[in-house]
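Heads up: the structure comes next, in C-alpha cells.
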Amino acid sequence: MKTYSQKPADVARDWYVVDASEAPLGRLATEVSQLLAGKQKPTFTPHVDGGDYVVVINAKSVKVTGDKYKNKIYYSHSGYPGSIKGITLQQQLNKNAATVIEKAVYGMLPKNKLRDERMKRLKVYETAEHAHAPQKPKELSLKEGKK
C-alpha cells in the first residue's frame, strides 16, 4: 500500500462562512486556520496548499474572555529607538475589526512558505453582508456542542 501525496493540480477548494460572534476569538482563529490549511480533508498533505476559502462575518462583534478588551495590546515598532506604539483590543475593534481576526489567524497558521497564500483565502467582513454569495459558501457553526 502506498502513501497518498496530493498534487497541486488535485486540490479542490470549498467555501465556508463563519460567524465571528458565535465563539471566542481564539477558538474562531483555530477553526479558521484549520480550514485554511486543509487539515480536515482526507487528502491533507503538509507541503501542498490544499485548504479552503473562509469568509468570516460579524468581525465587529467578536467575543473575548476576561479583560482582554482593555488589557490585550497590539504593538507596532518602526525600528527607531523609542518608537514603539500600542493599541488596545477595544481601540483596534473600533478602528478596524478585520485586522484583529486576521492577526489571530495569522499567528495560528504554520510558519512556512504557504502561510501568505493561505491568508489570501481569508475574507473578513465587519458586518453580516459579504460579497461571496455567488460562490455558495457552506455555513459553519462554532457554537458550543456543534460542529
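A short reminder: the numbers here are calculations on the coordinates, not readings from a lab. Every value quoted in this text rests on a predicted model; they were computed, and no experiment measured them. Cβ coordinates were reconstructed from backbone atoms using ideal geometry, including for glycine residues, and neighbour counts include every protein chain displayed.
For the reader, a short list of remarks on this structure follows.
- Any chance LYS103 is part of a strand (DSSP E or B), of a type outside the set (Ser, Thr, Tyr) and under 13 Å from the mean Cα position of the chain (by Cα): no
- Test: residue in the stretch 132-144 that is free of Cβ contacts under 8 Å to residues at least 40 places away in the same chain, closer than 22 Å to ASP52 by Cβ, more than 16 Å from the chain's Cα centre (by Cα) and not in a helix (DSSP H, G or I): no
- Close pairs from the stretch 8-27: first of a type in the set (Ser, Thr, Tyr), partner surrounded by fewer than 16 Cβ atoms within 10 Å (Cβ to Cβ), Cβ under 6 Å, at least 6 apart: TYR16/LYS138; SER21/SER61
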